[in-house]
Structure formats: C-alpha cells, structure tokens
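The values are calculated or read from the model by the stated rules, or taken from the named source; none is laboratory data. Please read all numbers here as calculations on a predicted model, not as lab measurements. Cβ sites come from the backbone with ideal geometry, for glycine too, and all protein chains shown count toward neighbours.
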Amino acid sequence: MRFGGFGTLFVLTLGCGVHGPGFDGPNDRETGFGTYDSDGSQAHTDTDTQTDTDTHTDTQTDTDTDTQTDTDTAGPSYDTEVEGDPPVSCQTWSFDGDEGDWTLLNGMSLSSSQESGSVSLTTSSDPYMSASASVDMDACTLIEVVMEVSGSESYGEVFWQSDTDSDFSSDRRMRFELFTDETLVRYVVDLSSHSDWTGHLSRLRLDPHEGDGAVKLQQVRLLDPQGSYPPALDLSDVYWLHTDVSSWPETATLSSVSVDSSQICLDFDKTSEWTAVNIAEGVDVNANPWVFIWRPDLEGEGGQWYGATWEWMRPSTTCKGSYAVAGDHIKQSPFHSTSGWAPSAGETLYFMVSGLARSVERNNEERSNLVEVVWPGSG
C-alpha cells in the first residue's frame, strides 16, 4: 500500500526528461480517504463503490499492453517564482563536510569521504538526527530538505517539538515518500496541514530514510510560503509528459474523484460516449486519466506543474487501481519507472480525463474539467 504520513509534498529531481512543451512507523494514525467534487471540496469520506466487475483484470490488461517506454530528454527551464524572500525568522541549516548544528542521534555516522557544500552520512537501522530551533511555526509552515538517498527504499520523516513539549512524539511527525533513483532531490512538505504544527518550535528531528544505506544532505530549511503553495494550476503553464491536450475542448464533466487504498474512481460522463479504439487483442479503450504534479525547482525559487497520463480506461469504466498513480505507470522522467515516485499522503494533486492521448492512438480530442485532490493515507 502506497499511503503513509501527513502533509503536502512537492519534489524535484535533477534530470527532468519530457517530450512535451513548455514527505508511519508505530502508532500510525488514519487520515482517511475521500471523494472530491469538481469544485474542489471534499464531498464525503466514504469510498465510491462504482466500478466494473473486472476492474482488477482490466487494470492488469491495460498495463501489460502499454507500449510506453521511459523517456529521458532535456527538461524545462524553471521560471515560476514564489514572490519575496523567506523572512529571517525562518531557519536554514547548511552543511559543509560535517553535521554542523545537528546531532547524529541514532544509526548515522559521517562517511569517510566528504564534499564541500554537503555532508555524506552512512546509515543503519532507524537513522535520525536533530537540531535546536527557534521558529514561529504558524508563519514558517514549509520544510525543505535537499538530499540524495541510496540503499533501502523507504520514506523520510520530520518530527518536531515545541517549547511546550517535553520530547518528540509519533503524534507530531510527517512522512514523505522518497525518490529511489539515487539523485539529488528537493523535498518540500507543507507542515500546516498537521494540527500540531503551531506555536514556537524548539527542536526538529529528521529521519532521512529507514535502514542501511547512505545519505548526502545539502540543506534543511523552514520557509514562509508567502501565499498559496503550491500555486494554482493553469493548463497553459503545464509541462506535458504526454500529449498536450490544453487546447482540446472541455466537453466532459468530471464530477468527483474518489480514492481509497485499492482504487481510484474518476466519475466522468463521457465514459460510454467516447469512441473505443482497439490497442491490443481484446483490449478496447476510449480514455486516459491524467494526474498533475507540482515540483519545486532545485534552487528553491519556483517550480513546475507536470501533467501525465497513468493508465488506459475501457468504455463504461471509471475506476482503476490506485497503485497505478505512480512513476511505474507514468513512465516519463522525472516520474519514470525506476524513480520510485508515488503520491505522499496529504499531497495536493489535480486529476482530469481526456480522450486517448497517451500514445499515438486518437479518438475524441476532448477532455474534462480538473478536480483537486488531497491524496489520502495513514500516518
């Protein structure tokens, strides 16, 4: 199951290839699943049960016949900026060959080889480190971690302690999913979505991953978002990993998107109307579901919305396996098959449905409206 943790996560990796224009351990708490209406509101917390009797088989068949291959070409330039500079009240920790102001508490040691501008660490079971802090948590609601992780494939976590807390607690933490292709990544987590991120911060703890491996840590920073974060989605600003459908007319209504631990259902009204196209023996499809993902740039000055298809949909079918919203189904860099990308619980995504746009096949060059979804899960 791919769900875990709290918070809205935004990530950028180096080497963004495309061909379009343009963050729980024990005592986990359930954050719930939900249905999101086309106006962006959460309609209810019950799972939409609308699905084909052959939903699982359908998903497997479509995936097996997918001819997409990973693509790694030149990426976009990043010019979307978050206006203003972080206030001095928000704290930054940089590294230069040692742990700096942080204390290596468990399962971590300095590597024998170091580079300027970062610290390299060897990790074992349950590695974590902490630092003292003095920050207004109600103002500094984003945390940025720039690091490269290798070894065990898992997740990262941030714990915190306010000046009224006696120690760290599993109730005050946020998890973020990791890229697993051993590249430098900027992870940004929206801490404001956790009810306990309030007051005055006194200590911060970082668990960069779980298990044996290595971590190259460049920077940890707390930020004031100074407005909406991520920024509003505009299709004209999207970097398209599959066909650019921004000019296709919006003829379909995507009334809701429901997500649970096994499936995602996109309730759109053209599922029986768009023309079916045969893409393999016994496989007729007529739509592609889209996901839109915000990724900050590595320099921390802005970011980019990416749009990608992640499955094929059969006529009269609106549900697919929720596991398919992942890099191993998008198959385009930076969300390629070996990237390890999957939505983090609390991550803000947008969804849409269009006629066939994933490969060369075409039918109705039409699309639906966008629906904003905060990805569910347990933390």
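Looking at the stretch 330-379, which of the residues that are touching a strand residue (DSSP E or B) at 6+ places or on another chain (Cβ under 6 Å) and of a type in the set (Val, Ile, Thr) is nearest to GLY151 (Cα to Cα)? So the residue we want is ILE330. Quick check on the stretch 217-232. Is at least one of its residues surrounded by fewer than 20 Cβ atoms within 10 Å (Cβ to Cβ) and farther than 28 Å from SER89 by Cα? There is no residue in the stretch 217-232 that is surrounded by fewer than 20 Cβ atoms within 10 Å (Cβ to Cβ) and farther than 28 Å from SER89 by Cα. When the stretch 233-245 is filtered for residues that are among the hydroxyl-bearing types (Ser, Thr, Tyr), surrounded by fewer than 15 Cβ atoms within 10 Å (Cβ to Cβ) and touching a strand residue (DSSP E or B) at 6+ places or on another chain (Cβ under 9 Å), nothing remains. Among the residues of the stretch 272-309, the ones that are over 25 Å from LEU184 (Cβ atoms) and surrounded by fewer than 24 Cβ atoms within 10 Å (Cβ to Cβ) come to 14 in all.
Give the residue, chosen from GLU148, GLU177, GLU182, GLU210, that is closer than 24 Å to ARG295 by Cα, surrounded by 23 or more Cβ atoms within 10 Å (Cβ to Cβ) and either in the same structural domain as ALA345 (by TED's automatic domain parsing) or not hydroxyl-bearing (Ser, Thr, Tyr) (or both). It is GLU177.
Among the residues of the stretch 272-279, at least one is in contact with a Ser or Thr (Cβ under 8 Å, 6 or more places away or on another chain), farther than 25 Å from MET147 by Cα and in a strand (DSSP E or B).
Residues in the stretch 133-183 that are assigned to a strand (DSSP E or B), under 27 Å from GLY211 (Cβ atoms) and hydroxyl-bearing (Ser, Thr, Tyr): SER150, TYR155. Only one of the listed residues (GLY327, GLY300) is more than 22 Å from TYR350 (Cβ to Cβ) and either at pLDDT below 95 or among the aliphatic types (A, V, I, L, M) (or both). That residue is GLY300. Just one of the listed residues (SER154, SER193) is over 22 Å from HIS336 (Cα atoms) and out of contact with any helix residue (DSSP H, G or I) (no Cβ under 9 Å at 6 or more places or on another chain), namely SER193. Within the stretch 185-207, restricting attention to residues that are closer than 14 Å to VAL135 by Cα and of a type in the set (A, V, I, L, M), the residue that is surrounded by the most Cβ atoms within 10 Å (Cβ to Cβ) is LEU191. Starting from residues that are part of a loop (DSSP other than H, G, I, E, B) and of a type in the set (A, V, I, L, M, F, W, C), keep the ones in the stretch 308-350 and report whichever is farthest from the chain's Cα centre (by Cα). Top of the filtered list is TRP312.
Would you check which residues across the stretch 122-138 are buried (at least 16 other Cβ atoms within 10 Å of the Cβ) and out of contact with any Cys (no Cβ under 7 Å at 6 or more places or on another chain) and list them? Scanning the stretch 122-138 gives THR122, THR123, PRO127, TYR128, MET129, SER130, ALA131, ALA133, ASP136, MET137.
Screening ALA345 with (1) small (Gly, Ala, Ser); (2) crowded, with 20+ Cβ neighbours inside 10 Å; (3) modelled with pLDDT of 95 or more gives one miss only, at (3). Residue count for the stretch 365-378, restricted to those that are in a loop (DSSP other than H, G, I, E, B) and closer than 15 Å to LEU254 by Cβ: 3. Within the stretch 251-264, residues that are in the same structural domain as ASP37 (by TED's automatic domain parsing) sit with their Cβ atoms under 6 Å from residues that are at pLDDT below 95 and exposed (fewer than 15 other Cβ atoms within 10 Å of the Cβ), at 6+ positions apart or across chains, in these pairs: SER261/MET1.
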